[in-house]
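Since the structure comes first, as structure tokens, the remarks are kept for the end.
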Amino acid sequence: MSQVAAHAGVSAQTVSRVANGSPRVDPATRARVEASMASLGYRVHRAARALRTGQTRTIGLVVSTLASVGNSRMLQAIAEAAGARDYALAVVTVGTREIAEAFARLRDQGVDGAVVLNEATRLARDTTPPPDLHLVVVDSPPDDRFAIVQTDHAAGARLATEHLLAAGHATVHHLAGPETSFAARERERGWRAALVDAGATPPHPVRGDWTSRTGHAAGAALAEATAVFAANDQMALGLLRALADAGRRVPHDVAVVGFDDVVDAAEYLPPLTTIRQDFDVLGTRAVESLVEMIESGAAATLQTVPTRLVVRASSTR
């Protein structure tokens, strides 16, 4: 640090501020110090900094599975957001009864806090989180034990349903997600409310498990539908294949809308109308909220990220 200070013509304290991401350095000086760090090959020694500050600048991620598209995209978003704040990321996957063990493993790794993702949030709510571990959960009912960042699932589902009703369909069937999922319940709630407000009786939902396989299996139960809102794009993909196998044309015989706007949604046959949730914003806000709690003791907050309708060929004739 002394060598960097001499090379940049600044004090060691200024170098320390730059290394620790302090805002109390003007941009020109920061650029000069960073150039000297690069020139001299300076790297922060995380273990030494942890001993001095009591913080490891490592956050944990607790997730039930990385097999789903939504969870893998959230992992990428959170990893990028953590890296941008100079935090390392430790990932722990859990089964149905391992959330306490996951928290213990993260504490053993010395993490400063953790993000709990999607399906794992139910497990976090059903246990007592460690009092000294800052937590942000993604998608959860209100809970004052931790901060919450969530997509506005119900509003997105309402957008999808109202889009199909506006196209002239008398009702909209729903290919729902698992009953244990907060996101699935919220999407079902938004779909149901939109139909009731329009004076239509909600059909009984057909339930899947987020996979395209269960979307395909739902095709038989939705054979007579003229409009379907699927709770995610993967189930919508399976449904599109089932409808094609049954000789039903999309969107001429049945209109389909999904949720998520996965990268390949525009390449489905036909291209899928869907509700876009912004995984990058979700990941960034989760990390920012956690870092604020770690570094300044900020209070836990609830943040809701809006969605938007992306119209493609699967819903318009």
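The values are calculated or read from the model by the stated rules, or taken from the named source; none is laboratory data. This one's a predicted model, so the numbers in the text were calculated from it and none came from an experiment. Here the Cβ positions follow ideal geometry from the backbone for every residue, glycine too, while neighbour counts run over all protein chains shown.
Across the stretch 206-218, not a single residue is classified as in contact (Cβ under 8 Å) with a residue 40 or more places away in the chain, under 22 Å from Ala265 (Cα atoms), outside any loop (DSSP other than H, G, I, E, B) and touching a His at 6+ places or on another chain (Cβ under 8 Å).
The residue pairs whose first member lies in the stretch 1-30 and is at positive phi, whose second member is part of a loop (DSSP other than H, G, I, E, B), and whose beta carbons are closer than 6 Å, counting only pairs six or more residues apart or on different chains, are Gly21/Asp86.
Once the stretch 187-217 is narrowed to residues that are under 26 Å from the mean Cα position of the chain (by Cα) and of a type in the set (A, V, I, L, M, F, W, C), the residue that is nearest to Asp261 (Cα to Cα) is Trp210.
One residue is enough: does the stretch 138-149 have a residue meeting the conditions closer than 30 Å to Val256 by Cβ, buried (at least 24 other Cβ atoms within 10 Å of the Cβ) and touching a Leu at 6+ places or on another chain (Cβ under 7 Å)? Within the stretch 138-149 (the criterion being closer than 30 Å to Val256 by Cβ, buried (at least 24 other Cβ atoms within 10 Å of the Cβ) and touching a Leu at 6+ places or on another chain (Cβ under 7 Å)), the answer is yes, since at least one residue qualifies.
Is there a residue being modelled with pLDDT of 95 or more and in a helix (DSSP H, G or I) anywhere in the stretch 296-308? No, that holds for no residue. Looking across the stretch 108-149, just one residue is acidic (Asp, Glu), modelled with pLDDT of 90 or more and within 17 Å of Arg185 (Cβ to Cβ), and that is Asp139. Answer yes or no: is there a residue in the stretch 268-289 that is more than 13 Å from the chain's Cα centre (by Cα), free of Cβ contacts under 8 Å to residues at least 24 places away in the same chain and more than 19 Å from Met74 (Cβ to Cβ). No, the conditions are met nowhere in the stretch 268-289.
Before we move on, is Val250 among the β-branched types (Val, Ile, Thr), modelled with pLDDT of 95 or more and closer than 30 Å to Gly113 by Cα? Here the answer is no, as Val250 does not meet what is asked. Checking each residue in the stretch 250-267 for being touching a residue at least 40 places away in the same chain (Cβ under 8 Å), outside any loop (DSSP other than H, G, I, E, B) and surrounded by fewer than 20 Cβ atoms within 10 Å (Cβ to Cβ) picks out only Ala266.
Scanning the stretch 140-149 for residues that are assigned to a strand (DSSP E or B) and touching a helix residue (DSSP H, G or I) at 6+ places or on another chain (Cβ under 8 Å) yields Ala147, Val149. Collect the residues in the stretch 134-183 that are on the phi > 0 side of the Ramachandran plot and without any contact (Cβ under 8 Å) to a residue 24 or more places away in the chain, keeping them in residue-number order. The one that is on the phi > 0 side of the Ramachandran plot and without any contact (Cβ under 8 Å) to a residue 24 or more places away in the chain: Gly168. Among the residues of the stretch 85-109, those that are surrounded by 15 or more Cβ atoms within 10 Å (Cβ to Cβ), in contact (Cβ under 8 Å) with a residue 40 or more places away in the chain and more than 19 Å from the chain's Cα centre (by Cα) comprise Ala102, Phe103, Leu106.
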